[in-house]
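Notes follow the structure.
The values are calculated or read from the model by the stated rules, or taken from the named source; none is laboratory data. As the structure is a computational prediction, the values presented were derived from the model and not from experiment. Note that each Cβ is placed from the backbone with ideal geometry, even for glycine, and that neighbours are counted across all protein chains shown. Side chains are part of the model used for accessible areas, which takes the heavy atoms of the whole protein and leaves out ligands, DNA and RNA. Shrake-Rupley method; radii C 1.70, N 1.55, O 1.52, S 1.80 Å.
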Amino acid sequence: MGLTNRSTGLGALEKNFGREADCPAVAIAGNPNVGKSTVFNALTGMNQHTGNWPGKTVSNARGYCTTAQHRCLLVDIPGTYSLMAHSAEEEVARNYLCFGGPDAAIIVCDATCLERNLNLVLQTLEITDRAIVCVNLMDEARRKKICIDLEGLSQRLGVPVVGTAARQKKSLSALTDRLDDLLAGEKTTPYQVQYDEAVERAIARLLPDAEKIAAGRLSARWLSLQLLHGDEALLEEAGRFLGVSLASLYQKAEEALGEEGIQREE
C-alpha cells in the first residue's frame, strides 16, 4: 500500500511543517548524487528544516527561498532514478510529484553524465508542464571538456534549461529568474515521448475517459499510460487523489492492450 496524497502532498507540509499561505511550493527532484541537495542548500541557506515524511522513515528537507519576485517553499524530495517506484524513497518522490501539487518542479541533472538523467526528466515532463531542467556541475563538465548546448536542449525538451555550478551560488541566479518566469505563468510545451504505434493507439482509446476522470488535476495522457502499465499501487494512489474508482478504466486498458496484442510484463 502506498502513501496517500494526504500523507505525502501539500496537506502534509501544511499540517506538519506550517507551510505559509500563498507561498508557491517547488519540488527539487533528481537522481542521487547530482548535487540536488547542494542546489537546495544554496537556495535556502539557513532557512530550512529536516524531518521525515509522515508515516515513512524517509528524510525530508524543506526550506524557503526568496527570488526576485517570489518567496517559495522548496521541497527536497528523495533522489530517484525513475518514477516507477521500487523503494520507499522512490515512492515518496513519485507521490509528491504526481499528487502533491507542487507549483513547479526543478529537475537537477549531472552535466557530466546528462544522458543518464534524462529518463527522470522525460517522465516528469509527462506529469507537469511547470518544470525547469537544472544542468548542475557545469564546472566539472568544463574540466572534462564536455560542452552542453543548453539552448538547444531547452528547445528539444520544450521547457527552460539552465546550467549551474551549485557550489558557486552566483551561478543560481539564472535558475531563480526562470523559476520566477514559470511561477508568473510562462507557457511551456514539454516534449512528449512517442511510443510504439500500438501503444499510442491504446492510449488514444483511453484518453477521452481519462480526460473526464482527471478533470485537469492530472495529465490525462500520463494517467492513460499508467493504466496501461498497470502499477496497482500507483493506480490506487491516483484513484484516491481523484476520489474515484479506476476499476472500469483499468479493465478498458486491459481490453485495449489485448486488441493490440500487447502483454504486460509480469
Hey, what did region 118-204 get for relative contact order, percent, Cα under 8 Å, at least 6 apart?
35
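T44: net charge of surrounding residues, Cβ under 12 Å, Lys/Arg +1, Asp/Glu -1, itself excluded? Intermediate results must be reported in sequence, preceding the final value.
Working: positive: R62, R71, K169; negative: D76.
Charge balance near T44 sits at +2.
State the antiparallel share, in %, of DSSP beta bridges confined to the chain, rounding to the nearest 5. Walk me through the intermediate numbers first.
Details: 11 of 29 bridges.
Of those bridges, close to 40 percent are antiparallel.
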Using a 10 angstrom cutoff on alpha carbons, build the Gaussian network for the chain and name the most mobile of Y195, Y250, Y81.
Y195
Mean-position separation - Cα centroids, region 200-233 and region 117-191, in angstrom:
27
Which shape class applies to region 110-193: rounded if a/c is under 1.5, otherwise prolate when a/b exceeds b/c and oblate if not, where a ≥ b ≥ c are the square roots of the Cα gyration tensor eigenvalues?
oblate
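For region 175-219, run through the GluC sites (Glu not before Pro) and keep only the ones in DSSP coil with at most 16 other Cβ atoms within 10 Å of their Cβ.
Numbers: sites: E186, E197, E200, E211; in loops: E186.
Sparse-neighbourhood loop GluC sites (Glu not before Pro): E186.
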Using only alpha carbon pairs under 8 Å that are at least six residues apart, calculate the relative contact order of region 36-168 and give it in whole percent.
18
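Using the crude model of +1 on Lys and Arg Cβ and -1 on Asp and Glu Cβ, and no other charge, please compute the dipole size for the chain relative to its Cα centre, in debye to 20. Intermediate results must be reported in sequence, preceding the final value.
Details: 28 positive and 35 negative charges, 220 e Å.
Here the chain has a charge dipole of around 1060 debye.
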Roughly how many nanometres apart are two label points built 7 Å out from the Cα toward the Cβ at V244 and E197?
3.1
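Quote to one decimal, in nm, the extra length available between C147 and A88 on full extension: 0.36 nm per residue of separation minus the C-alpha distance between them. Walk me through the numbers before you get to the answer.
Numbers: separation 59, 0.36 × 59 = 21.24 nm, distance 3.56 nm.
Length gained between C147 and A88: 17.7 nm.
Report the relative contact order of the chain, percent, no decimals, based on alpha-carbon pairs under 8 angstrom and at least 6 residues apart.
Numbers: 447 pairs, mean separation 47.8, N = 266.
Normalised by residue count, the contact order of the chain is 18 percent.
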Let me spell out the model: positive unit charges on the Cβ of Lys and Arg, negative unit charges on the Cβ of Asp and Glu, origin at the Cα centre of region 115-233. What dipole size does that give, in debye rounded to 20?
520
Counting heavy atoms of the protein chains only and a 1.4 Å probe, report the per residue accessible area for region 165-210 as a whole number of Å².
60
Among (i) 36, 24, 17; (ii) 31, 22, 16; (iii) 27, 21, 17, find the value of semi-axes √(5λ) of the Cα gyration tensor in Å that was calculated from the structure presented, and write down its label.
(ii)
Helix-only estimate, please: 222 nm mean residue ellipticity of the chain, summing -39500 (n - 2.57) across DSSP H runs of length 4 or more and dividing by its residues, to the nearest 500.
-13500 deg cm²/dmol
Relative to the longest principal Cα axis of the chain, at what angle does helix 247-259 sit, 0 to 90 degrees, rounded to 10?
80
Keeping every protein chain present and rolling a 1.4 Å probe, give me the accessible area per residue for region 42-156 in Å².
44
Gained length - A68 relative to A204, 0.36 nm times residue gap less alpha-carbon distance:
44.7 nm
Expressed in nm to one decimal, what extension gain is obtained for the pair I262 and Q168 from 0.36 nm per residue of sequence separation less their Cα-Cα distance?
28.9 nm
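Highest mean first, what order results for 24-31, 136-143 on Cβ atoms within 10 Å?
On the way: 24-31: 24.4, 136-143: 19.0.
Order by mean packing, descending: 24-31, 136-143.
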Among T164, A111, L223, whose Cα sits farthest toward the positive end of the charge dipole of the chain (+1 at Cβ of Lys/Arg, -1 at Cβ of Asp/Glu, about the Cα centre)?
T164
I'd like the carbon and sulfur percentage of the solvent accessible area for the chain, probe radius 1.4 Å, heavy atoms only, ligands and nucleic acids excluded.
48
So if I place +1 on the C-beta of Lys and Arg and -1 on the C-beta of Asp and Glu, and nothing else carries charge, what would the dipole magnitude of region 175-251 be about its Cα centre? I want it in debye, nearest 20.
280
